[in-house]
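> Pasting in a structure now, in structure tokens, and then I'll have a few things to ask.
The values are calculated or read from the model by the stated rules, or taken from the named source; none is laboratory data. Note that the structure is predicted; figures quoted are calculated from it, not measured. Cβ atoms come from the backbone with ideal geometry, glycine included; neighbour counts cover every protein chain shown.
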Amino acid sequence: MSDNSEGRKDNGGGSGGARRRPMGGPPGFRRPFFRRRKVCPFCADKSLKIEYKDPKMMGRFITERGKMVPSRITGVCAQHQRGLAKAIKQARHIALLPFLVK
Ligand SMILES: [Zn+2]
């Protein structure tokens, strides 16, 4: 079973991994995206609870128009985002939060 010598000739062209490096970096190198490491505020602070009765707490996670801020922005983990979404819906239901502010 030493059939290994099968000369496989695929694309003879050699323009494979020739990646051009961006030249001319500025002397004062700054990070283009200053991304602060976000940690879920609920995970970080155990005393912070997702409470639908607490619109102030939820105010951080909704826009001024009443829309939910995506967890990418707020840094809330998926687990807590879920709970938060539920809480926000409940809060809306009892008119603590607006559905949509126009
Ligand atoms: Zn979390």
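> Report yes if LEU97 is surrounded by 18 or more Cβ atoms within 10 Å (Cβ to Cβ), in a loop (DSSP other than H, G, I, E, B) and free of Cβ contacts under 8 Å to residues at least 60 places away in the same chain, otherwise no.
So LEU97 fits the description; yes.
> Turning to a different aspect of this structure: Condition first: surrounded by 12 or more Cβ atoms within 10 Å (Cβ to Cβ) and either in a loop (DSSP other than H, G, I, E, B) or more than 16 Å from the ligand (Cβ to nearest atom) (or both). Now tell me which residues in the range 71-94 satisfy that.
GLY75, VAL76, CYS77, LYS89, GLN90, ALA91, ARG92 - these are the residues of the range 71-94 that are surrounded by 12 or more Cβ atoms within 10 Å (Cβ to Cβ) and either in a loop (DSSP other than H, G, I, E, B) or more than 16 Å from the ligand (Cβ to nearest atom) (or both).
> Would you mind telling me which numbered condition in (1) more than 12 Å from the ligand (Cβ to nearest atom); (2) part of a helix (DSSP H, G or I); (3) basic (Lys, Arg) LYS53 fails?
(2)
> In the range 23-72, which residue that is among the hydrophobic types (A, V, I, L, M, F, W, C) and over 22 Å from GLN90 (Cβ atoms) is modelled with the highest pLDDT?
That would be ALA44.
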